[in-house]
1. Report the calculated FRET efficiency for ALA102 and VAL21 (r = Cβ-Cβ distance, R0 = 25 Å), to the nearest 0.05.
2. Kindly state, to the nearest 0.05, the FRET efficiency for ARG220 paired with ILE10, given R0 = 45 Å and r defined as their beta-carbon distance.
3. Would you list, by chain and number, the lysines whose Cα falls below 26 Å from the Cα of LYS188, excluding same-chain residues fewer than 8 positions away?
4. So what does the Cα-only Debye profile of the stretch 42-81 read at q = 0.17, 0.28, 0.34, 0.36 Å⁻¹, as log10 I(q)/I(0), no solvent term?
5. In whole angstrom, how far apart do the alpha carbon centroids of the stretch 161-227 and the stretch 49-126 sit?
6. May I ask for the equivalent-ellipsoid semi-axes of the stretch 119-162, computed as the square root of five times each C-alpha gyration tensor eigenvalue and listed largest first in whole Å?
7. Of the options ALA156, ALA117, THR130, report the single residue whose Cα projects farthest towards the positive end of the charge dipole of the stretch 116-178 (beta-carbon charges: Lys, Arg +1; Asp, Glu -1).
8. Tell me, in nm to one decimal, what length is gained between ASP35 and ALA277 on full extension, where the rule is 0.36 nm per residue of separation less the Cα-Cα distance?
Amino acid sequence: MPDIGFYHPIVIHFAIGLLAVGVLFRWGALTGRADFAGPAAACLILLATMAILVAAWSGEDAHEAVEAVPGTAAAVRAHQEWGERTRNLAVVAGALELLALALRRRPGARRMVFASAAVGLVALLAMLQTGKLGGELVYAHAGGVGIRSGEPEDVARLLLAGLYEQAEVDEKAGRGGDAATLLEIAAKRFPADNAVQVRAAEALLEDRKDPAGALEVLGRPGSTPDEPSLRFRRGWLSADALDALGRQPEARAVLERMRAEFPENTRLRSRLARADAGAVTTNRR
């Protein structure tokens with residue numbers, strides 16, 4: 001059998017939409033006010049049943065890589081158990097719809113329709129719970145994120161996201177040194193990512209109070225960003241680091257180069273004005 005785990009997120013959204021609309025139409029048909037709702041409901045619920053069967057199959061294929069991640073096994077099992085309940089309920093609802101079609105000219109058909117409406121509603125509620133657990137698996141446990149394909153580039157992006165987000169958490173918790181360490185690892189691991197280099201330099205300068213280390217990161221080959229905002233942050237941090245090392249003339253030279261590129265930046269102009277005022281005061285003394 002082919003591995004269709006990659007298609008699980010796609011199929012499950014079709015299943016949710018088909019079942020939700022099908023159950024809505026089935027309950028609407030029971031009012032007797034919309035003749036089209038009954039046939040539409042039968043078609044949608046049967047399509048939803050098939051989509052849920054495929055979703056359950058694809059989920060089985062997808063969960064193997066996810067369950068191997070430490071700490072995710074319980075979340076995977078909970079999602080899987082609710083997925084199986086949803087599948088079973090959907091199969092019952094689909095079977096009731098088929099029976100109702102087979103008995104459509106007999107008195108028992110209406111009882112099948114009522115039963116399908118009730119089971120379909122329960123199946124929809126079970127699917128919502130399954131979706132909730134699936135969302136927690138993905139967003140709280142990183143289930144499948146970056147590891148489903150097994151491609152090194154995808155795993156690397158997962159690593160970078162983890163390092164960056166943990167650094168943000170550490171910084172907010174007052175663990176600036178830990179944040180700087182993680183960002184330094186990220187900067188070494190992803191030397192071509194300019195945003196990472198700038199963020200790592202910022203952490204070294206502000207959290208670890210290591211201006212020399214920040215300048216080393218900012219001075220690496222190829223660390224000049226293409227984005228104007230990143231170039232501005234890089235130049236600003238370089239000037240801050242040089243100031244902290246007592247190399248004011250070099251810091252002023254960096255700011256002057258920045259003024260040529262960002263002549264209208266008020267923050268830069270204010271800093272240069274303060275530097276000029278400080279230089280005048282020093283000369284007078």
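1. Numbers: r = 23 Å, r/R0 = 0.93.
Efficiency, from the Cβ-Cβ distance: 0.60.
2. Working: r = 41 Å, r/R0 = 0.90.
The value I calculate is 0.65.
3. LYS172, LYS209
4. After summing over all Cα pairs, the log10 values are -0.52, -0.88, -1.06, -1.11.
5. Taking the Cα centre of the stretch 49-126 as reference, the centre of the stretch 161-227 is 48 Å away.
6. Details: eigenvalues 190, 21, 4 Å².
One finds semi-axes of 31, 10, 4 Å for the stretch 119-162.
7. Of ALA156, ALA117, THR130, it is ALA117.
8. Working: separation 242, 0.36 × 242 = 87.12 nm, distance 8.29 nm.
Computed gain between ASP35 and ALA277 is 78.8 nm.
The values are calculated or read from the model by the stated rules, or taken from the named source; none is laboratory data. Just so we're clear, the structure is a prediction, and the values are computed from it rather than from any experiment. No Cβ is skipped: glycine too gets one built from the backbone with ideal geometry, and neighbour counts run over all protein chains shown. Calculation scope for accessible area: heavy atoms of the full protein, side chains included, ligands and nucleic acids excluded. Shrake-Rupley method; radii C 1.70, N 1.55, O 1.52, S 1.80 Å.
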